[in-house]
Amino acid sequence: MSSRTLLKFITGFALAVLAFYGDYGKTSNTKLNYTPKKIIWNEIERGLFYAEFDAPIKSKVNDSKISILKIDPKYFSFELLTATEHDSLRRTVEQWSNDFNLVAVINAGMFNLSDHYTGTGFLKNYEHINNGKLRGNFRAFAMFNPKSKDLPAMNIVDMEIENWEDLLSNYNSAFQCIRMIDCNQKQVLWKPRKPISSSMCVLGTDIYSNVLFVFCRSPYTANTMSTFLLYLPLKIYSVMYLDGGPESSLYVNAGDTIIEKVGSWVSPGYANDDNNYFWELPNVIGVKRKTHGQPTPYVFKTK
């Protein structure tokens, strides 16, 4: 077995453990002894913003930076791209971007180790079903490409609180993963048997319906990351986990801006900060520029 294959096996096993436990289902109001600073957003182009800043608590590994791409759905659409629907080729996020003319790409949840193609939870794109089975301990859905303009372009649906079945029937693209912040802006605590810290990427929405692609290479637990996101001045509405370890990837190619974010660490499993390349992924969320008239934006109402 090659060193690269062994690395993929070890990290995949660690993340499979995480997927097995899912979220614990309890909310928390954890506080940080930290004064959040104003986030400085750099406008890449109209409707696309990027910020990178220090995490409220330093990690012992790498630079402790949190990177966020903020996307305004008035100007961009979202695509769920899968190897099973297209040509059975797994691609890096950069390759997905190049082949499908995408402005940005991030993981569309975790994938099964048994075949390296199907999502670990339910995953569909229009008529294409990548995985038709619901995963009981995954209690969040990312739903996009709505059938009605009255629905948000990207909706992170809380299966514990919202009528997810009705909503699922009104969206063309959807996949399951694990809750981090519910639709009432409350932290959802995870409780695995052993604490898992990793590089990670997560998906969020704010109260103005902007979509947030969040990446952090330095390892943190999911509970720590959700605490950060609630405490920072982001006006978070809801958040779900996407993937962790060296699989976690974020790529942006817009105008003269290229951003490449590559994950590495996952512990237990592969407590190593050496990975420096994008892994091939079977399922991704892609961001594409809109070319025609824009619908009225949906604005979430907080409780």
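If you scan the range 48-89, which residues turn out to be among the small types (Gly, Ala, Ser), in contact (Cβ under 8 Å) with a residue 40 or more places away in the chain and either in contact with a Ser or Thr (Cβ under 8 Å, 6 or more places away or on another chain) or under 21 Å from residue 252 (Cβ atoms) (or both)?
55, 59, 64, 67, 77
Test residue 210 against the stated conditions and say whether it is in contact with a strand residue (DSSP E or B) (Cβ under 7 Å, 6 or more places away or on another chain) and modelled with pLDDT of 95 or more.
Yes: the conditions hold for residue 210.
Of all residues in the range 253-274, count the ones that are buried (at least 22 other Cβ atoms within 10 Å of the Cβ) and either among the polar types (S, T, N, Q) or touching an Asp or Glu at 6+ places or on another chain (Cβ under 8 Å) (or both).
3
So is residue 88 more than 16 Å from the chain's Cα centre (by Cα), in a helix (DSSP H, G or I) and within 19 Å of residue 279 (Cβ to Cβ) or not?
The answer is no for residue 88.
I'd like the residue in the range 213-233 that is closer than 20 Å to residue 42 by Cα and surrounded by fewer than 23 Cβ atoms within 10 Å (Cβ to Cβ) and, out of all such residues, is nearest to the chain's Cα centre (by Cα).
Once the filter is applied, the top-ranked residue is 229.
Where residues in the range 38-75 are surrounded by fewer than 15 Cβ atoms within 10 Å (Cβ to Cβ) and among the β-branched types (Val, Ile, Thr), which of them is nearest to residue 265 (Cα to Cα)?
Taking the candidates together, the pick is 57.
Hey, can you tell me all the residues within the range 177-200 that are under 19 Å from residue 119 (Cα atoms), assigned to a strand (DSSP E or B) and in contact with a Gly (Cβ under 7 Å, 6 or more places away or on another chain)?
Correct list: 177, 200.
The values are calculated or read from the model by the stated rules, or taken from the named source; none is laboratory data. Everything numeric here is computed off the predicted structure, so don't read it as measured data. A quick note on method: Cβ atoms are made from the backbone with ideal geometry, for glycine too, and the neighbour counts reach across all protein chains shown.
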